[in-house]
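The values are calculated or read from the model by the stated rules, or taken from the named source; none is laboratory data. Only a predicted model underlies this, so the values are computations on that prediction, with no experimental measurement involved. Reconstructed Cβ throughout: ideal geometry from the backbone, glycine too, with neighbour counts over all protein chains shown. Heads up: the accessible areas ignore ligands, DNA and RNA and are worked out on the full protein's heavy atoms, side chains in. Shrake-Rupley method; radii C 1.70, N 1.55, O 1.52, S 1.80 Å.
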Amino acid sequence: MTATAVPTDESRTERFDAVIVGAGFAGMYMLHCLRKLGLSARVFEAGSDVGGTWYWNRYPGARCDIESLQYSYSFSEELDQDWEWTEKYAPQPEILAYARHVADRFDLRRDICFDTRVTALAFDEAAKRWDVGTDRGGRCSAQFCIMAVGCLSAANHPHFEGFEDYRGEVLHTGEWPHEPVDFTGKRVAVIGTGSSAIQSIPVMAPEAAALTVFQRTPNYAVPAWNAPLDPNLVREVKADYPGFRAKARSRPTGFYFPYNTRPALASTPEERRRQYEECWERGGLPFLGAFGDLLFDKEANDTAADFAREKIRERVDDPGTAELLCPDNVFGCKRLCVDTGYYETYNLDHVTLVDISTRPIERFTAGGVVAQGVEYPADTVVFATGFAAMTGSFDRIRITGRDGLTLAEKWRAGPQNYLGLAVAGFPNLFTITGPGSPSVLANMLPTIEQHVDWIADCVAHMRDIGARTIEAQEGDEEAWVAHVADVASISLRSTCSSWYVGANIPGRPRVFMPYIGGFPVYVQKCNEVLAAGFAGFVLDAPASAPPRVRFTERWQEALDPDVLSPADIAAGRIPIV
Ligand code: FAD
Ligand code: NAP
């Protein structure tokens, strides 16, 4: 089915209450809420359908790493009841089908303009509106501009010498073709060993004639133990889905799993092993919940890292390859990977691991990739090289605020914003899961919904009091940016060169971008700001009435006291997976 619903009229400037950039889960839900408020909205989407991440990342083995029963919208009890997930971790086609179902169910497509990339956004100070330009030459104007562009949506294409000479097929996991890719009999090279590579390598390898993996940094992976969903569990969850969602919201990660707050070093080595084995058997990201201090105390973390390395050595037959696959950095410092048969893939005779940690890939040739002085022939090269995370999709749009200031200039030394939601100097522009908010450090579906609900309440309040603009104040923005950096410095996560700090893209400033202080703590702050009449913002109308809580009513959970003590919260020691 072709998804294009809105014909673009390039000859005139259309006017909307709001323009939304992106039709992933964030843009779709934003449109739904604005419609409820009776606002006119237009969504622009570069892809040909809804789904965002799940539209673009069609590589073999792609699936969520947060359990499907939780990695899904929670705004509609009927949707929760009707939709049937088939596996513990849904595969990409099923998540995309879910996004498409939501689009149909809530009749979203008629306001979405597909195959259209927003290229420019400029604030017209006289009109107090945003002018929007697209790659189709179209223009429109809107009072509000809502960026739903995604945290992991700008693919990273590192440049390699001789790349232009390469004659084989080139794929990127984040821009995968829509037609099935057949690797049968092909020599495949994979660059990268992050989550996308770890999911796709075990699926590509059995088909390929030869598979060569170029590894710059090894990653830790915990088994997914993916399986068909147990109907009894589904029944249990659906019997009280709202209660289950509320429990998830009260967790620092925005999803629910058994959590042990005890420090690792307070346990005996035998107790620790038992706990690690138990968590390993449960699998996935919750492994990081084995002990409360794993991301704060290096010595505690070393015990988890040693355990994970032991597991790698057990799973990989060749000791040399096993050592190359063993990370020597902080466990869970980069996003923990969740695997199905990843390490065992290296036991196949036709799979080769090439260590490029000390000497990068030298160049491409017409027929392959050269590293360590050896040419590895390749019919297909898969770039599993990730994304310009958090700000990459903003960088690709010229966004001009007050006084001609561009967002790129403002963010040159790292993203500056208030609550990860709004930027001083850029009135009426909101960012869903922007840097400075929990976003990628939590289950992203609730982080998206909470932002959308907050924005919807904000816009509704502006209507109530007759305000035309809202803008973050610089002082509050600076204080928020400083707070985001402070809490990051408490976590070991800030110590390694991950995409969280922009280290995967040469030339980016090193700044820990997501907010690591915990989802419910953050939500509480957003609620306080709202209740205080949007404290930290300037509105261009007097507050004739206090804000009404319409959409954000469901975001009132405090941090689950079973997970954290008030002292930990005060100290900012909030464990995040
Ligand atoms: P996206 O889904 O990224 O959608 C943004 C959309 O904006 C895209 O469709 C893009 O084309 C469009 N866009 C961007 N710029 C423009 C422009 N200038 N003009 C027009 N359109 C534009 N998170 C989890 O919590 N759990 C998981 O298990 C999980 N798994 C993931 C697996 C992969 C492979 C990846 C890459 C990410 C994963 N994530 C996961 C993070 C995931 O990105 C979010 O969960 C969520 O899907 C983000 O939704 P979004 O709408 O905010 O952004
Ligand atoms: P990634 O984690 O950033 O991994 C990219 C890989 O490419 C890394 O191994 C990186 O090495 C390597 N690389 C980058 N540039 C390179 C270069 N010039 N030369 C050699 N190697 C290079 O990207 P990703 O795997 O796409 O995952 C990104 C995020 O998306 C994940 O962390 C996760 O949040 C999400 N995701 C989730 C799932 C899931 O399980 N649901 C699946 C995929 C993605 P270095 O480490 O040395 O930089």
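Can you tell which of 67, 77, 45, 14 is of a type in the set (Asp, Glu) and at pLDDT below 95? Of 67, 77, 45, 14, the one residue that is of a type in the set (Asp, Glu) and at pLDDT below 95 is 14.
Restricting segment 257-275 to residues that are of a type outside the set (S, T, N, Q) and out of contact with any Phe, Trp or Tyr (no Cβ under 9 Å at 6 or more places or on another chain) leaves a set whose member that is most open to solvent (accessible area, probe 1.4 Å) is 274. At least 2 residues being more than 30 Å from residue 294 (Cβ to Cβ) is the threshold, and among the strands (runs of 3 or more DSSP E) wholly inside segment 334-373 those reaching it are 351-355, 368-371. Close Cβ contacts (under 6 Å, 6 or more residues apart or on different chains) running from residues in segment 40-54 that are more than 9 Å from ligand 1 (Cβ to nearest atom) to residues that are of a type in the set (Gly, Ala, Ser) and not in a loop (DSSP other than H, G, I, E, B) comprise 41/18.
Within segment 281-293, if we keep just the residues that are open to solvent by 10 Å² or more (accessible area, probe 1.4 Å) and part of a helix (DSSP H, G or I), the residue that is nearest to residue 440 (Cα to Cα) turns out to be 286.
Does residue 296 satisfy the criteria of being touching a Lys or Arg at 6+ places or on another chain (Cβ under 7 Å) and either aliphatic (A, V, I, L, M) or not in a helix (DSSP H, G or I) (or both)? So residue 296 passes the test. Does segment 153-162 contain at least one residue that is within 16 Å of ligand 1 (Cβ to nearest atom), among the small types (Gly, Ala, Ser), within 21 Å of the chain's Cα centre (by Cα) and open to solvent by 10 Å² or more (accessible area, probe 1.4 Å)? Yes: segment 153-162 contains one or more residues that are within 16 Å of ligand 1 (Cβ to nearest atom), among the small types (Gly, Ala, Ser), within 21 Å of the chain's Cα centre (by Cα) and open to solvent by 10 Å² or more (accessible area, probe 1.4 Å).
Considered as a group, the residues in segment 41-97 that are among the aliphatic types (A, V, I, L, M) and open to solvent by 20 Å² or more (accessible area, probe 1.4 Å) include one that is farthest from residue 224 (Cα to Cα), and that residue is 46. Summed over segment 137-147, the residues that are open to solvent by 10 Å² or more (accessible area, probe 1.4 Å) and within 16 Å of residue 455 (Cβ to Cβ) give a count of 1. Can you confirm whether residue 214 is in contact (Cβ under 8 Å) with a residue 60 or more places away in the chain, within 28 Å of residue 439 (Cβ to Cβ) and either part of a loop (DSSP other than H, G, I, E, B) or open to solvent by less than 60 Å² (accessible area, probe 1.4 Å) (or both)? Judged against the criteria, residue 214 is not a match.
The condition (being crowded, with 20+ Cβ neighbours inside 10 Å, over 21 Å from the mean Cα position of the chain (by Cα), of a type in the set (Gly, Ala, Ser) and within 16 Å of ligand 2 (Cβ to nearest atom)) is satisfied by just one residue among 189, 208, 197: 189. Of all the numbered requirements in (1) of a type in the set (S, T, N, Q); (2) farther than 17 Å from residue 238 by Cβ; (3) within 21 Å of the chain's Cα centre (by Cα), residue 116 misses one, and that requirement is (3). With the structure loaded, tell me whether residue 96 is modelled with pLDDT of 95 or more and more than 21 Å from the chain's Cα centre (by Cα) or whether it fails that test. Judged against the criteria, residue 96 is not a match.
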